[in-house]
1. Taking other Cβ within 10 Å of each residue's Cβ, how do Phe209, Phe68 sort, fewest first?
2. When a footprinting reagent is the concern and you count Cβ atoms within 10 Å, what order do Met9, Met232 take, fewest first?
3. What's the Kirkwood radius of the chain in Å, using all Cα pairs?
4. In nm, give the distance between the simple-model label positions of Arg233 and His135, each being 7 Å from the Cα along the Cα-to-Cβ direction.
5. Would you mind pulling out the separation of the Cα centroids of region 1-75 and region 182-198, in Å?
6. Going through the cross-link list Lys29/Lys113; Lys57/Lys113; Lys57/Lys81; Lys29/Lys231, which pairs have a Cα-Cα distance over 22 Å in this structure?
7. Determine the calculated [θ] at 222 nm for the chain from helices alone, applying -39500 (n - 2.57) to every DSSP H run no shorter than 4 residues and normalising by the residue count; nearest 500 deg cm²/dmol.
8. Which value, in debye to the nearest 20, describes the size of the charge dipole of region 55-211 about its Cα centre when Lys and Arg Cβ atoms bear +1, Asp and Glu Cβ atoms bear -1, and nothing else is charged?
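No lab work stands behind these numbers, since they all come straight from the coordinates. These numbers were taken from a predicted model, which means no experiment stands behind them. No Cβ is skipped: glycine too gets one built from the backbone with ideal geometry, and neighbour counts run over all protein chains shown.
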Amino acid sequence: MLWRAVRSMDVIMHSSSFLLPKLYQPVNKPVKNYALVVLNQHLPRFMPRLWDHANLKICADGGANHIFDEMYQITNDEDKKSTRNKYVPEIIEGDMDSIRPEVKLFYSSQGSKISDKSHNQETTDLHKCISRIHHCTPDDEKPNLCVLVTGALGGRFDHEAANINVLYLFSDMRIVLLSDDCLIRLLPRTHRHELYIESSVEGPHCGLFPVGAPSTSTTTTGLKWNLSESKMRFGSMISTSNIVQSEKVTVESDADLLWTISLRNLT
Ligand SMILES: Nc1ncnc2c1ncn2[C@@H]1O[C@H](COP(=O)(O)OP(=O)(O)OP(=O)(O)O)[C@@H](O)[C@H]1O
Ligand SMILES: Cc1ncc(C[n+]2csc(CCO)c2C)c(N)n1
């Protein structure tokens, strides 16, 4: 009998448990460490949960204005001043053309590191933030880290495209782009993917598609409309308005895919 060596691909497990209160974390989490990057858009209503989970908080330039202006409304705190003192990012990074002078002054007086990269007009502020995290994280720690990015979607389309490009540029890191309504992650073709669905906070609507390079074979389980060695590309079929039907969704593809899932109305 002829035995063929079949290389079984390693699995990456994904979970959105960062959307649950810290108290309700599952014991076996795929990720042990979170970093939060706040972009220059309105904060999501679940921002306090993300903040609680994150060991490192970085504002991309004007993202700091939103922490300064909106955090006390979101937390329903009476005392604006003490809320401001409580939510202080470790780093503010970017070309500093959007942060207001009084916001910059306030956070530098509170101990935030201000990293002024105004000389660099080649990369976006998000790119600069992720570059810093990538650089500071040893390779063997990267699988344990997940970077949560707020305000990444639902704004200017060139910004959204640049934000998605960052997923591809740093495909060796787990990065989740968030808006109020959905999240996006990259599923690299180098691995099989198991997505553990937190149905109290996400779903059921989801989408799966390649950007840039087409897929000649994608196979899924756990969806209403599963793919079976299917082809996907822009200009032909892509999977949108799909529905999650299981606690676990699996994906295997010969192309890097974007996974997107709707978020429920959480606070
Ligand atoms: N409308 C938006 N939609 C999506 N992402 C955004 C939007 N506005 C800002 N961002 C994100 O927040 C980051 C910081 O925003 P900021 O407004 O400081 O960018 P910027 O450097 O001034 O860009 P530009 O000069 O193109 O407006 C950006 O790099 C981008 O990732
Ligand atoms: C081909 C090309 N297109 C656009 C820009 C402009 N640009 C890209 S990122 C960035 C910083 C935004 O904070 C700016 C100004 C460039 N440099 N090269």
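1. Numbers: Phe209 19, Phe68 22.
In increasing order of surrounding Cβ atoms, one gets Phe209, Phe68.
2. Details: Met9 11, Met232 20.
Ordered by Cβ neighbours within 10 Å, fewest first: Met9, Met232.
3. Details: mean 1/r = 0.0514 Å⁻¹.
Evaluated over the chain, this radius sits at 19.5 Å.
4. Using points 7 Å along Cα→Cβ, the separation is 3.8 nm.
5. 13 Å
6. Numbers: Lys29/Lys113 30 Å; Lys57/Lys113 11 Å; Lys57/Lys81 19 Å; Lys29/Lys231 32 Å.
Result: Lys29/Lys113; Lys29/Lys231 exceed 22 Å.
7. Values: 6 runs with 61 residues, N = 267.
Here the helix-only value at 222 nm equals -6500 deg cm²/dmol.
8. Details: 17 positive and 25 negative charges, 48 e Å.
In debye, rounded to 20, region 55-211 gives about 240.
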